[in-house]
Structure formats: C-alpha cells, structure tokens
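Colleague: The following block contains the structure, expressed as structure tokens.
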Amino acid sequence: MKKMNKITSVMISIALVFVLIGCSASANANLEQKKVISIATVQPDNHSITIALNAFKDYIEEKLGDRFEIRIFSNSIMGGNTEAIELLQMGSLDIVATSGSNLESFANEYKIFGFPYLFNDEASFRKVMNNEEFIMEIYNATADNGIQGVAWFANGVNNFYSSKRIETPKDLKGLKVRVQSSEANVKMVQAFDAAAVVMAHGEVYTALQNGVIDAGANPEMALVSLKHGEVANFYSRTEHQIFTDMLMANTKFLDSLTAEEKEIFENGFKMTTQVQNEEWDKQIPEVIEEAEKMGVEFVTVDKKSFKEVLKPVSEELLNKYPELKPLYDKVQEIQNDT
C-alpha cells in the first residue's frame, strides 16, 4: 500500500509539473517573472475553506501581484489529504489545507484535538485557537518534517448520526461507527462498546446506505454537503469532539520569502482564518435548515452521561502521551480564564 501511495504521489507530482508548465507556456512574458504559489484542498469550491483560500489569493495578488500568482486546486484535484501532504513535503505544492487528524503522524501535538470533550464548546475552542502561545506551539510542531502550520479553520462540532436514534451511551453499543484515522477516535468509539471503522469520508454515504457502518460522527455540514442526511436521519447532539482543519505551508517556501513578503503572507494567513470562520458560521444555519427538509431529526441528549463514559479515554491518552499534559492543561487554562 505504501508503495502504491508513493507511485500515486509521484504521478500526481508529475501531472502538477505539466499543469504548471502548460499554464506558464500560455502566459504572457510578465507572468514568467512571477512565482506561482500552488495551494491544494480536498474541499469543493463552495466550501468555507475554499472560499477563504480565494480571499487569500485576492489579498496576496493585490499586495504582491507583481511577484506572485496564486493557483488554487480544489475538489481533491491533487489527490486526497495524504497525497496532498506528501506533495507539500516534496515541494510540489506550496500550501495545503488539511484535516488536523491527518497531521497526527507528523506530531503528537495534533492528537490533542481528538480528546473527547476537550473544549467546553465551540466558543471555547476558538478562544484557545486564537491564543498566540498555544497556536504557535501547534504551528511549529511539524516544522522538522518540512511543513509548517500557518492558519487554522473552524470545522464545527462532531456529533453522532445514524438511521437509529441515539439518546444515551447505551444506544451506541454494538454499532459500527465510522471514524477518521485517529487513535483517540478509535478509543472513544470502543469506550461505548461499539466498533470503530476507519474509513475515507467519500465512502461513508454508501457504507451507511448498505449497512457496512451504522453511524458516523461529523459536524452538520456532512448531512448536506455529503448527503449523509439521506441515509442517516437522526443527528444526536453529543458534541463530543471539536476538530480543526489546518493550513500548512512548505517550510522552504516560507524561508524563501523576504521580510516584507513574509509579513504580508502572515497577515493573509490570519485573514484566511477570519474569512473561513465567518463563512462557516454563515453556512451552518442554512445547512441545518436544509437537513431538516431532508427529514433529519436533531436529537438533544444528556451530554453528562457521554462525558462520564469518555473521561477514561482522555486519562488513558494522557498517561500514554505525558508530553501532551502541559498542552492539555494550557487548553483548560485558556478556555476557563474569565
């Protein structure tokens, strides 16, 4: 499988080179003097992340249009998250938007986001992420691997959804639950005496439809954007996890910027987070309304009972990864600071 991934990555990289060469050949002489910045995301064009990336493109080209041209490759054109990160490390891509869970293999710091009930609520999550000391520790965690965090994106609150009504922890017992590839996710589902099934998000609809899995865990967006609401009509507000998506940059690319350019790019990265957050907040009420039209019922649960079941999961992870304890304590300090 690893060999196939490498072959896939090389093929995508070669394809990217030809795309860039083809585009350059058709550009005018002035464009040949510009550096092309390639950005990839698996998200579609109407997603809040892609909208934010286009705002970033406009900002950079307005400020430094004589030096840089930004090209955005959305809709998984450059492959899935894993392939895009490999291309980022190779330098074939300059910037990639990806799920934070995909970065756990590069730095344990990203495991912190998988801890169940780490944040009090989404407002607390954003308060923590806007803390300069905390976010810089996250950004710098992967630098030794040639990739650097430069912006974060709100990704909503994870809740369980299924064709079966889930109101108590016992309702999850025996279910096959799809999760992203994350140690915390697997342990969390197992704590409910359920089976964790690691699966790509593009396979979830069919798996729910055919009974390969019984439930998923995602923010409301998946009900509409991935049409999961058609095959899972109960959405239970367990609010057990709050993940983040990340904007990652190749460190050699960042190091190539002048002091002036670096300042402008840093301002652009911060603006990208702001635009994405605002767009996400705008879209969620529309998504909920659309999901209800699809027949999805939103179920209110007693979160205390779910928290009790999952408390040992956080304790186990902290015992296994003691280096995360200061980061965990920092989160609690920031979000509870009044």
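Colleague: Kindly evaluate residue 258 against the criterion of being modelled with pLDDT of 95 or more and under 20 Å from the mean Cα position of the chain (by Cα).
Modeller: On the way: modelled with pLDDT of 95 or more: yes; under 20 Å from the mean Cα position of the chain (by Cα): no.
Criteria not met by residue 258.
Colleague: Same structure, new question: Regarding segment 159-178, can at least one residue be identified that is touching a Gly at 6+ places or on another chain (Cβ under 9 Å), closer than 28 Å to residue 275 by Cα and outside any strand (DSSP E or B)?
Modeller: no
Colleague: Sticking with this structure for a sec: In segment 233-282, which residues are of a type in the set (Lys, Arg) and in contact with a helix residue (DSSP H, G or I) (Cβ under 9 Å, 6 or more places away or on another chain)?
Modeller: Going through segment 233-282, the residues of a type in the set (Lys, Arg) turn out to be 237, 252, 262, 270, 282.
Across segment 233-282, the qualifying residues are 237, 262, 282.
Colleague: Also: Kindly check whether there is at least one residue in segment 292-303 that is open to solvent by 30 Å² or more (accessible area, probe 1.4 Å), charged (D, E, K, R) and within 16 Å of residue 118 (Cβ to Cβ). Full working, then the answer.
Modeller: Initial filter on segment 292-303 (open to solvent by 30 Å² or more (accessible area, probe 1.4 Å)): 292-295, 297-298, 300, 302-303.
Filter once more, so that each one left must be charged (D, E, K, R): 292-293, 297, 302-303.
Remaining after also requiring within 16 Å of residue 118 (Cβ to Cβ): 303.
Scanning segment 292-303, I find at least one residue that is open to solvent by 30 Å² or more (accessible area, probe 1.4 Å), charged (D, E, K, R) and within 16 Å of residue 118 (Cβ to Cβ), so the answer is yes.
Colleague: Related question: With a cut-off of at least 3 residues that are buried (at least 19 other Cβ atoms within 10 Å of the Cβ), name the strands (runs of 3 or more DSSP E) lying wholly within segment 190-284.
Modeller: Numbers: elements: 195-198, 215-218, 234-241, 244-250.
Ranges flagged: 215-218, 234-241, 244-250.
Colleague: Name the residues in segment 80-100 that are buried (at least 23 other Cβ atoms within 10 Å of the Cβ) and within 25 Å of residue 192 (Cβ to Cβ), would you?
Modeller: Answer for segment 80-100, where residues must be buried (at least 23 other Cβ atoms within 10 Å of the Cβ) and within 25 Å of residue 192 (Cβ to Cβ): just 100.
Colleague: When only residues in segment 102-118 that are open to solvent by less than 30 Å² (accessible area, probe 1.4 Å) and touching a strand residue (DSSP E or B) at 6+ places or on another chain (Cβ under 9 Å) count, which is farthest from residue 254 (Cα to Cα)?
Modeller: Here the residue is 116.
Colleague: Condition (residue is aromatic (Phe, Trp, Tyr), part of a strand (DSSP E or B) and surrounded by 14 or more Cβ atoms within 10 Å (Cβ to Cβ)) applied to segment 308-327: is it met by at least one residue?
Modeller: First, the residues of segment 308-327 that are aromatic (Phe, Trp, Tyr): 321.
Then drop every residue that is not part of a strand (DSSP E or B), which leaves none.
Looking for residues that are aromatic (Phe, Trp, Tyr), part of a strand (DSSP E or B) and surrounded by 14 or more Cβ atoms within 10 Å (Cβ to Cβ), one finds none in segment 308-327, hence no.
Colleague: Could you pull out the residue among 139, 110, 117 that is within 25 Å of residue 332 (Cβ to Cβ) and in a loop (DSSP other than H, G, I, E, B)? If you could, list the steps in order and put the result at the bottom.
Modeller: Working: 139 fails: in a loop (DSSP other than H, G, I, E, B); 110 fails: in a loop (DSSP other than H, G, I, E, B).
Testing whether each residue is within 25 Å of residue 332 (Cβ to Cβ) and in a loop (DSSP other than H, G, I, E, B) leaves just 117.
The values are calculated or read from the model by the stated rules, or taken from the named source; none is laboratory data. Small disclaimer: the values here were computed from a predicted structure and weren't measured. All Cβ positions, even for glycine, are placed from backbone atoms using ideal geometry, and neighbour counts span all protein chains on display. Please note that ligands, DNA and RNA were not included when accessible areas were found on the heavy atoms of the full protein model with its side chains. Shrake-Rupley method; radii C 1.70, N 1.55, O 1.52, S 1.80 Å.
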